[in-house]
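The structure appears below as structure tokens.
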Amino acid sequence: MVRAARPLPAWAKATLASRHAASRMNVAQRLSEMAAARPDQPAVAAAVGRGRAGEWQWSTLTFAELDRHSDRMAAALRRLGALPGSRLALFVPAGPAFVVCVFALLKAGVMAVLIDPGMGRRHLLRCLAEARIDGLIGVPVAHAMHRLL
């Protein structure tokens, strides 16, 4: 027996509309929403060592700080000539600075080529050659290695 389709209830229509709108949003846009809704809540927390009593010490960024820092970095990238669609290698250790860089690259429309700083010289050179990067964001040693290529 086939039943006639019933119209969706209003709550279901609202849920579907919300999901559809969210599906067109990128993660950088979501960060800006979170910064507006929860500016003082922690967005990133990274252990930076232990205190005298052995307790973990943390470095944190709030949603507002992460949004603001990544906005500034994205603007700086654009001023330096990073174009949407260009490829920039990110050679930064994991932590708050890494997260800021990733969001800045997304906001600038740049493709992030994520590079593990611990991968070793041979793998690094192969990765950079295959990725055909347009530039590099990294710690000083990464810039020195990039100049040698």
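The values are calculated or read from the model by the stated rules, or taken from the named source; none is laboratory data. Keep in mind that this is a model prediction, so the values were computed, not measured. Note that we place each Cβ from the backbone using ideal geometry, even for glycine, and neighbour counts take in every protein chain shown.
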ask   = Among the residues of segment 62-82 satisfying the criterion of being among the small types (Gly, Ala, Ser) and touching a Gly at 6+ places or on another chain (Cβ under 9 Å), which is modelled with the highest pLDDT?
value = Ala74
query = So how many residues does segment 93-122 have that are in contact (Cβ under 8 Å) with a residue 60 or more places away in the chain and basic (Lys, Arg)?
reply = 1
ask   = Across segment 69-89, what is the total count of residues that are under 14 Å from the mean Cα position of the chain (by Cα) and either outside any helix (DSSP H, G or I) or surrounded by fewer than 16 Cβ atoms within 10 Å (Cβ to Cβ) (or both)?
value = 3
request  = Out of the residues in segment 10-28 that are charged (D, E, K, R) and assigned to a helix (DSSP H, G or I), state the one that is modelled with the highest pLDDT.
outcome  = Lys13
key: Filtered residues of segment 97-130 (kept if surrounded by fewer than 19 Cβ atoms within 10 Å (Cβ to Cβ), assigned to a helix (DSSP H, G or I) and not aliphatic (A, V, I, L, M))   = Phe98, Arg121, Arg122, His123, Arg126, Cys127, Glu130
task = Evaluate the following for Leu31: is it crowded, with 16+ Cβ neighbours inside 10 Å, at pLDDT 90 or above and assigned to a helix (DSSP H, G or I)?
result = yes
query = Does Ala94 qualify as being modelled with pLDDT of 90 or more, under 19 Å from Val27 (Cα atoms) and of a type outside the set (Val, Ile, Thr)?
reply = no
